[in-house]
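Note sheet for the following structure.
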């Protein structure tokens, strides 16, 4: 292994949120190259990250569509999206696993990310997008929104978010 760590150490760090991992369909952990570089202490190497989110488990097909789109768009292949982080949860919930646990926000704040690519503005956050964008820009990270026109009407999203929140606690 590139890091020279025991698999149990990786498991422990994953649970503690010290390392960002991706899960295979079989449940195995895969460490993104950007995480390996971060752990090896490389500086100056910045990544391009795709981010996809849906509000509930019932929308998994939509999440897969977003991920596939981020991986297949020729433009994105040219700029080199190194990884796609996904979340299932309300855009109102700031404690989403991908946003915090896979350390998207933390990585931006540590100047490790050059660009975050999303399909719709509200995939990253329901409210406060302009503020979040300014914070990202302050750390040299741009947010690229691909499909501004295709977003759901705000009224529809505002109805779906409370339903998703309630279903998560049900």
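Here, each number is a calculation from the coordinates, and none is a lab measurement. Keep in mind the model is a prediction, meaning the values are calculated, not measured. Virtual Cβ from ideal backbone geometry, glycine too; neighbours counted across all protein chains shown.
Below, the figures for the structure above:
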quantity: Computed FRET value (nearest 0.05) for residue 137 with residue 94, which takes r as the C-beta separation and R₀ as 25 Å; calculated: 0.85
quantity: Pair residue 36, residue 69: separation of 7 Å Cα→Cβ label points (nm); calculated: 3.1
quantity: FRET efficiency, 1/(1 + (r/R0)^6) with R0 35 Å, evaluated for residue 147 and residue 82 via beta carbons; calculated: 0.95
